[in-house]
């Protein structure tokens, strides 16, 4: 087909990288050609119009995040969205899905264990000093078992595809993983803008996520009689993820509450309604542990609910996720998930971890200090891509500085070999053409009482800056609709 | 329903309604400059607009037309500006969007984006008509989505309550502001046609001119305009009509929430007062009457807050 535009004219796959659209590899998706043909069939102007239309669709839906300190009144920006979908073949996905469920089962058993008998520590499979020194370990959870033995009800696991064509786990997010609303609104925008593609291939739906989420929340209610009252607790409308909180509450048909809407009496949580107090059974909280209850955590928190931990430990309300789950998204502990899978499930891990060096271990520390230029150094408890240091870009003085930082507090750091994330064709507005850009995949796994669910696909995040490996939205990242397609 | 949510729904209704009256008053007053009897009075008209918005100014200092227009239309720092009012409506709606329809949220958000992105230079020179007319259309669309995409339960009731209470207050404010204009014109020795023309403007500000003519079949007088806009129970831009709606809405809420009867009683009392109002009773002190009317409306607002929002 002769293209009607030069959107792909200067496209070239960078040396030594895996391009999911252009490179042939074991799991490459064969039918990307259909999508390129569609883009080729458009005139340059028509493509730009589509791109503008997609942006307008986000703006009108109010899917924006606030940027402060600009002109008076504040500016709202949309999270950049790319029209070229990322496609994963159903067969490959089925394996990933199994791998994610396996991983979550093990993580959940690990949490039950560390807050219970601590067998895995006594058997020295996971070093106990890592757990004891984790800032996210929650003493109050010791000896308490949540409804259905579920701790990590919602888990966001980040996967990357390496040069070898395989997916690896980069990290798990077990506190308040966000981004799922973008999966749903990306799909909605794709359907509004490029509806013809959906006629060409059958894409697995994602729209049932809110009902699966609600089903999961209801399944962990401490109340067995009557319809459980579930609410979503948000820090408020100035939180950067407020759109998502509001979207999820609306699509589940549950109340979106702020800390001041709730109060605790007789170890029971109530919300203030126009008809007086109403009892609450399940709180899907998008507020971090630290801010959740000024009675036991940070005293200065105005986002939380005083006494909610008392109500929780009395078994009168379920918190989703459980307090203290952060201990297993500590990046040092995360590296032991394959061992947890072997230990608890007696299985081999289906998805491998990115190899991780734990600086607290003397041998690992030595290796890290000697091989620093080949490594990526990360703080163990940061998210959002903050604090990540890619060492091959540093000069001698900067390397020395990183070494000193690690040596001062080895427990705070891990290091991983620099994994070359796969690239994907991405429209770059300034250049007015498609270019290869690095991507990853955030997946979403739900675990309720006797049920697990993995959202088909997830959120493909793309680093829009040339050569950048950091995909987080706070650092110049965008996203793509992610399709699971059987032939 | 959460008490905070009820509060935000109510204020969404109030701010949407307020923004519509602000933009209409701005347009009708401003364009009256182009009509012969008023052409000599630009400064006077701009000050009338500032009075109605509630903006402080020095009566003896002349004002700059473009400054006033931009200040009242677009100054995001000034809480009385149209832009701030629309932003407040949208922020309230944003905090309750999970209980309203996506379609309603999107039209409110589009209204906000329209105001926020309007070209100020165009507005100052030739865009005022387009801007204010479009603002009114946005409000009509929003009201239509309120009526046609929501369940008419307590969520809808609180938005409606905000709309009608705000409208009653705005009618009283507009009347008061125009009465004030006439007093100033009288002091300056203006002729009768010029004073009568103020009542034409008042009717046009409330889009009531044609209906007034159909009902009274003769030129407007102070008396006919006052009667029509305060005590006509069939005209949606009269105080009596709106307080009667407020009373109905509170009665419905009362049934749903089994709340106390004090608020319902007061709403009924004030609603009846306007239904049975006679011009003769108030004509000696119209400004005092309008002030008292506003106090009644503010008292209802305070009681609504106590009854529903402070649980």
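The fewest-to-most ranking of B:47, A:122, A:403 by surrounding Cβ atoms within 10 Å reads A:122, A:403, B:47.
Using Cα pairs under 8 angstrom and six or more residues apart, how large is the relative contact order of chain B, in percent? About 22 percent, as a whole number.
Would you mind calculating the relative contact order of region B:165-311 from Cα pairs under 8 angstrom and at least 6 residues apart, reporting the percent as a whole number?
Numbers: 131 pairs, mean separation 39.9, N = 147.
Once normalised by length, the contact order is 27 percent.
Neighbouring Cβ atoms from other chains, within 10 Å of the Cβ of residues in B:92-100, number 5 on average.
What average count of beta carbons from other chains do you get within 10 Å of the Cβ of residues in B:72-81?
Numbers: counts 0, 0, 2, 2, 4, 2, 0, 0, 0, 0.
Mean partner shielding for this stretch: 1.
Shown here: chain A, whose C-alpha atoms stretch 72, 60, 49 Å along the first, second and third principal axes, sorted largest to smallest. Cβ-to-Cβ counts within 10 Å put B:63, A:203 in ascending order as B:63, A:203, the fewest first.
Using r as the Cβ-Cβ distance of residue B:67 and residue A:352, and R0 as 45 Å, what FRET efficiency do you calculate, to the nearest 0.05? Working shown, then result.
Working: r = 67 Å, r/R0 = 1.48.
The computed FRET efficiency comes out at 0.10.
Shielding by partners for peptide A:266-275, expressed as the average number of C-beta atoms from other protein chains within 10 Å of each residue's C-beta, is 5.
Expressed as a whole number of Å, what is the distance separating the alpha-carbon centroids of region A:455-475 and region A:1-61? If we compute the Cα centre of each part, the gap is 17 Å.
Inter-label distance, residue A:227 to residue A:195: 3.4 nm, where each label sits 7 Å from its Cα along the C-beta direction. Between residue A:429 and residue A:55, the distance separating the two model label sites (each 7 Å from Cα on the Cα→Cβ line) works out to 0.3 nm. Solvent-free Debye calculation, one equal scatterer per alpha-carbon of region A:314-393: log10 I(q)/I(0) at 0.17, 0.23, 0.27 Å⁻¹ equals -0.86, -1.19, -1.30. Note on residue A:149 and residue B:282: their simple-model spin labels are 7.3 nm apart, each label 7 Å out from Cα toward Cβ.
The Cα center of region A:397-442 and the Cα center of region B:84-131 differ in position by 40 Å. When you count the other C-beta atoms within 10 angstrom of each residue and take the mean per peptide, B:207-213, A:336-342 line up highest first as A:336-342, B:207-213.
Calculated FRET efficiency, residue A:408 and residue A:342, Cβ-Cβ r, R0 56 Å, to nearest 0.05? Don't jump to the answer; show the numbers that get you there.
Working: r = 34 Å, r/R0 = 0.60.
E between residue A:408 and residue A:342, to the nearest 0.05, is 0.95.
Using DSSP, restrict attention to beta bridges with both residues in chain A and report what percent are antiparallel, rounded to the nearest 5.
Values: 52 of 71 bridges.
If we restrict to bridges inside chain A, about 75 percent are antiparallel.
Relative to the current alpha-carbon distance between residue A:38 and residue A:26, full extension at 0.36 nm per residue lengthens the span by 1.8 nm. Highest mean first, the peptides A:78-86, A:172-180, A:448-456 sorted by other C-beta atoms within 10 Å per residue fall in the order A:172-180, A:78-86, A:448-456.
When the chain is fully extended, how far beyond the present Cα-Cα distance does residue B:218 get from residue B:116, taking 0.36 nm per residue of separation? Before the final figure, lay out each step's value.
Numbers: separation 102, 0.36 × 102 = 36.72 nm, distance 4.24 nm.
Extra length available between residue B:218 and residue B:116 comes to 32.5 nm.
Convex hull volume of the Cα atoms of region A:210-269, normalised per residue: 91 Å³. Going from the residue with the fewest nearby Cβ atoms within 10 Å to the one with the most, B:306, B:61 rank B:61, B:306.
How far is the Cα center of region A:86-165 from the Cα center of region A:263-327, in Å? If we compute the Cα centre of each part, the gap is 24 Å.
How high is the relative contact order of chain A, in percent, counting Cα pairs under 8 Å that sit 6 or more residues apart?
On the way: 937 pairs, mean separation 112.7, N = 487.
Across chain A, relative contact order equals 23 percent.
A short reminder: the numbers here are calculations on the coordinates, not readings from a lab. Predicted model only: the values in this text are computed from it and were never measured. No Cβ is skipped: glycine too gets one built from the backbone with ideal geometry, and neighbour counts run over all protein chains shown.
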